[in-house]
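Working notes, structure below.
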Amino acid sequence: MDDSVAKQDRPRANASDMHRNLMKTPAFIETIFNCLPDLVFAKDSELRIVMANDALMSLYPESMQDRIIGYTTAEEYDEEEARSFLEQDRIAFRDGAATTIESVDFPSGERKTLFTQKIRFEDQNGEAFIAGVARDITEIVSNQAALKESEERYGLAVNGSSVGIWDWDQRTGDSFYSALLRSMLGIVDPDFIPSLADFNARVHADDQKHFRARLAAHLHKREPFDLECRLKRDSGAYLWTHVRGQAEWDETGNATRMAGSVDDISDRKRAEEALQRSHEQLDQYAHIASHDLKEPLRAICNHVQLLREDLEESLEPEARQRLNRVEELTRSMTQMITDMLQSSRDINSEHYELVDMNAEAAAVIEMFADSANTTIEIAKNLATVHADPVGVRQVLHNLISNAIAYNDSDLKYIEIGQAHDVARTGVSGPVFFVRDNGIGIAPRFHQAIFRMFKRLNTKDQYRSGTGAGLAFVHKIISHHGGDVWVESEMGHGSTFYFCFNTAS
Ligand code: ADP
């Protein structure tokens, strides 16, 4: 016989003997018995514990440990608990086995949920016992309960939400559309399987470019994914929606999951379109009305002039003054109509471009080059803004012309700059200012001056305006989503601050 074969056979025979021997070795069995984290015990037919391992013993205070072996320990437990586990013992004796999940308050004060198996066996003398193995599943049960609660909460939030919810898991390839999203998209097929490709394909062709750009910016630059786009319903009709989402990334920066919401904004869009149409109609109406209103005013002016020429010689000074006044009022009314018309000019975000504020301010102050005793300074390095350049020019022009007009100083000093420490809520992006050393404005008028035709000074005192300039400024700034406000005291000059909220 080959030597190596003999060597292989011998250990195999020995291993099986060793196994048998070890299983009969009390020290081995006791070691295993006491090392197990499960609670292991044996009970006799009187339901008294005859064996308990260290894991089980440790659940009793030391002072009680000599009253476990040989006892049922039932008196140490709540009546109901004791009745329940003794009942399981009896079932195991009767049927050979019993399995139960029970919550037990141990005398050590610990409450545990146990998965317990009890099995009947007989010793060499034929006496029946039950062996019990109880596994502590407290943590598993509480984790499952927490998971169930969180799933229930998520389900409630999804079902109760007024927005549709979508969820895409890149790792599993699974996607989810909430019931509301399905109904928004007109999906009736119960076997419909949502997917990222389905969602992308629903985006309107005209919104695709923007949608893809926003998605790429979110996934690669982590910019917010928040946009309005049209999504196709199963019927083929499109629905205006507001889509938001948030991705999750792994440590290598790859998106692993993305979830978000879809809000049906078609009602708002319809209202916006109706408003846009009515604005356009109003603009047309304003043009026609202003033309019709200016016509008779022009005629009044002409008649006044003719009257003055006809009565040149015979006109009393008082009558001449009255005629002058009629002419003046007529001109002022013509100007008010022109201003009203200008205020209806639509400031459209499609006209927005990058506007260099230094260049713009320099171009505007050129128009005031002839103003007497006036110095206008522009700070260096003013920010560039994303705005309607015509609007920016009108804002600067109005503020600078006011700063010169409402100013009694011997040397009028006007400064155009950028404020870097402005604490005003809702303001973002660069804040600019036009500061003067003029007559100032009492705080109680700081808001009123932005109202149409609101004037604080009579015509004779300062220049003859209509009180529309600051209302234009306010309107232009509001269209940009910005803010304009004044800081001033009577006699201490004024600073008009403004921002376009569109930093770039
Ligand atoms: P207008 O100059 O045609 O009267 P505005 O709307 O530009 O109309 O200004 C409204 C009023 O606010 C002015 O009549 C004036 O009383 C006051 N005001 C505007 N700017 C200044 C300023 N820089 N300093 C003092 N008062 C001002």
Checklist entry - Lysine pairs, Cα distance under 25 Å, 8 or more residues apart or cross-chain: how many in segment 1-143? => result 4
Checklist entry - Among the aspartates and glutamates, which have Cα under 16 Å from the Cα of K148 when same-chain residues fewer than 8 positions away are ignored? => result E139
Item to check | Hz values of 3J(HN,Hα) by residue in segment 64-70 - Karplus curve (6.51, -1.76, 1.60), Gly and Pro given as x | outcome: 9, 5, 7, 10, 10, 5, x
Item to check | Coil-residue chymotrypsin sites (Phe, Trp or Tyr not before Pro) of segment 10-87, DSSP, other Cβ within 10 Å capped at 16 | outcome: Y71
Next on the checklist: For the chain, compute Rg over Rh where Rg is the Cα radius of gyration and Rh is the Kirkwood radius from the inverse mean 1/r over Cα pairs.
Outcome noted: 1.33
Checklist entry - Of F121, F225, which has the most accessible area and how do the rest follow, probe 1.4 Å? => result F121, F225
Checklist entry - In whole Å, how far is the Cα centre of segment 370-389 from that of segment 65-111? => result 89 Å
Checklist entry - So which lysines pass the test for K232, namely a Cα distance under 25 Å, with those fewer than 8 places away in the same chain ruled out? => result K209, K269
Checklist entry - Based on the Cβ-Cβ distance from E280 to D408, what FRET efficiency comes out when R0 is 45 Å, to the nearest 0.05? => result 0.50
Checklist entry - Short version: ³J(HN,Hα) in whole Hz for each residue of segment 103-116, in order, from phi by Karplus 6.51 cos²θ - 1.76 cosθ + 1.60 (θ = phi - 60°), x for Gly and Pro, what are they? => result 9, 10, 8, 7, x, 5, x, 7, 9, 10, 9, 10, 9, 10
Item to check | Rounded to whole Hz, the Karplus (6.51, -1.76, 1.60) HN-Hα couplings of segment 224-233, x for glycine and proline | outcome: x, 9, 7, 8, 9, 7, 8, 10, 7, 8
Checklist entry - So how exposed is D174, as accessible area in Å² (1.4 Å probe, rounded to 10)? => result 100 Å²
Checklist entry - Once amide H atoms are placed 1.01 Å from N in the peptide plane, what residues at a sequence separation of 5 or more from T72, or on another chain, have their amide H within under 5 Å of its amide H? => result I49
Item to check | DSSP loop GluC sites (Glu not before Pro) with at most 16 other Cβ within 10 Å excluded, longest remaining stretch of the chain | outcome: 314-488
Item to check | For V203, distant residues with modelled amide H under 5 Å away | outcome: K232
Next on the checklist: Return the equivalent ellipsoid semi-axes of segment 275-405 as a descending list in whole Å, where each equals the square root of 5 times an eigenvalue of the C-alpha gyration tensor.
Outcome noted: 39, 25, 8
Item to check | Mean Cα-pair separation over length for the chain, i.e. relative contact order, pairs under 8 Å, 6 or more apart, % | outcome: 7 percent
Checklist entry - What do you get when you divide the Cα radius of gyration of segment 288-343 by 2.2 N^0.38 Å, with N the number of residues? => result 1.31
Checklist entry - Looking at the square roots a ≥ b ≥ c of the eigenvalues of the Cα gyration tensor of segment 238-317, which shape do they give, rounded for a/c under 1.5, prolate if a/b is larger than b/c, or oblate? => result prolate
Item to check | Of the DSSP H helices in the chain, those whose Cα atoms cover at least 15 Å axially and whose Kyte score averages 0.0 or more | outcome: 389-405, 469-479
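The values are calculated or read from the model by the stated rules, or taken from the named source; none is laboratory data. The structure presented is a predicted model; accordingly, all values stated were derived computationally and were not measured. Quick reminder, even Gly has a Cβ in these numbers, built from the backbone with ideal geometry, and neighbours come from all protein chains shown. For accessibility, only protein heavy atoms count, side chains too; no ligands or nucleic acids. Shrake-Rupley method; radii C 1.70, N 1.55, O 1.52, S 1.80 Å.
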